[in-house]
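Each value in this text was obtained by applying a stated rule to the coordinates, not by laboratory testing. Source: prediction; values computed, not measured. Every residue, glycine as well, gets a Cβ built from its backbone with ideal geometry; the counts of neighbours run over all protein chains shown.
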Amino acid sequence: MDRYIIRGGNPLAGEVTIGGAKNAALGILAAAIMTDEPVRIENMPKVTDTEILLKAAEGIGTKVTHEDRHTVIMDSSHLQSTFIDDEYMKKIRASYYLVGALLGRDKKAEVPLPGGCNIGVRGIDQHIKGFKALGAKVDILHGCICAEAKDLRGAHIFFDKVSVGATINVMLAASLASGRTIIENAAKEPHVVDIANFLNSMGANIRGAGTDVIRIRGVEKLHGTDYAIIPDQIEAGTYMAAAAACHGDVTIKNVIPKHLECITAKLAEIGCQITEFDDAVQVTSYDPLTSTQIRTLPYPGFPTDMQPQMTVALGLAQGISIVTEGIFDNRFKYVDELVRMGASIKVENNMALITGVSKYTGTDITAPDLRAGAALVIAGLAAEGETTVDDTSYVERGYEDFDGKLRELGADIEKVSDGWSAERARLKLVN
Ligand code: UD1
């Protein structure tokens, strides 16, 4: 089992380049199997979640060629099955995008129920409601979502809650349904727009992505395309929060500053200086941080996927901060670990009351999920002494070369695999 060993206290300084958006990539990889023609995708992040989805596509007959580290070509002209039989798929949330994609393409899909981060109940009722509205029969059988339709017909769908996954899934299936689909109360996240743009580049007819009403006119078939994925809003935000917590001066390159506005606004509020460039943002944090209040909301609100990283920064901010989780019902599990590092945080239901402390101190901690794992690494970087974060697998689901990029910024962090290498890394860090 791999773990991070961190000797904290170094301010972060320099430049970091952000990769393609993981959550866009997952929808795009699923969409890519909806055509028989080759699809070339650039800026594909090399993280475990995308690798698992690519493996699953290969498992049903997609030919995957890696042109370079971040460019894949997918050829699904010989797709053999609509049954995804891959035990790893159960570990990622986005496995459900294959239901929308296969249902659209072959009118049939059988996909293991999604896993992903353990951050509370994560229903799929809105996905099922959407598929049923399009005319599919949907059952949960033996741990799989089984969906089938004679014909998929466009429909007027009102989501009862804003769901990124359900919006994308229905967009996928409806692209190849007959007639017009209208999705009301749609999610507006940047990656919803990116996946709509990708589908449109394959010949789909989707309008309104990025607003809460999406209109889709179904087409008969989709064709090949050549597409570059947008930069990852959350990876960028994570380095911004790290710069804030570690009192750094970090320029985050290859970003869309507009997508980061909800994060930039909060960092400015707590005392960071933010400079925006065309495709970069610079975060400097020399003064003590000050408290604020944050509530996570669907886009353009503050992203739930940035909640743990900001909580770590606010734990070091003067005064009392309040962070309210508005999306998931169990996303403060990492707080116990942070308290073991000296944070003063009380959690009641979906609210964290944070009294800023002057420092964290290093200890051995466990990453409970992807974003909390990244947040605990930030806490370790800001802490006095040594922190071990166990293990790295959650973080690697969504961050490419996290430790390498942090080292480039001056962090003392090593990824180690076993007891011996842990000891070696410890000695190396001490020397
Ligand atoms: C996606 C992101 C995840 C992010 C989340 C919210 C991917 C692969 N994952 O997850 O990183 O944290 O958006 O921005 O893109 N819900 C239901 N029924 C449904 C669907 C959702 O009750 O059918 C609930 C969920 O339990 C959750 C809330 O709605 O409480 C939002 O979920 P949703 O937006 O669907 O998140 P995901 O697509 O799972």
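Numbers below:
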item: Linear extension gain, Asp418 paired with Asp226, 0.36 nm per residue minus alpha-carbon span; result: 65.0 nm
item: Cα gyration tensor, segment 1-70 - rounded (a/c under 1.5), prolate or oblate; result: prolate
item: Computed over the chain: relative contact order in percent, which uses C-alpha pairs under 8 Å that are six or more apart; result: 21
item: Rounded to 10°, Cα long-axis angle of helix 370-382 versus longest principal axis of the chain; result: 20
item: Segment 22-228: C-alpha gyration tensor shape, a/c 1.5 cut-off, then a/b vs b/c; result: rounded
item: Asp125 paired with Ser201, simple spin-label distance in nm, labels 7 Å along Cα-to-beta-carbon; result: 3.7
item: Too-long pairs where the Cα-Cα distance tops 18 Å, listed order kept, from Lys90/Lys221; Lys188/Lys253; Lys22/Lys46; Lys22/Lys221; Lys107/Lys129; Lys161/Lys188; result: Lys90/Lys221; Lys188/Lys253; Lys22/Lys221
item: Approximate spin-label separation Tyr286-Asp160, in nm, with each point projected 7 Å along Cα-to-Cβ; result: 5.4
item: Value of Rg to Rh for the chain (Rh from inverse mean 1/r over Cα pairs, i.e. Kirkwood); result: 0.98
item: Ordering of 277-286, 252-261 by packing [mean C-beta count within 10 Å, highest first]; result: 252-261, 277-286
item: Among 75-83, 292-300, the order from most to least packed when residues are scored by Cβ within 10 Å on average; result: 292-300, 75-83
item: Relative exposure of Leu152, Leu26, judged by other C-beta atoms within 10 Å (fewest first); result: Leu152, Leu26
item: For the chain, built as a Gaussian network whose Cα springs stay under 10 Å, the top-fluctuating residue of Gly165, Gly248, Gly123; result: Gly123
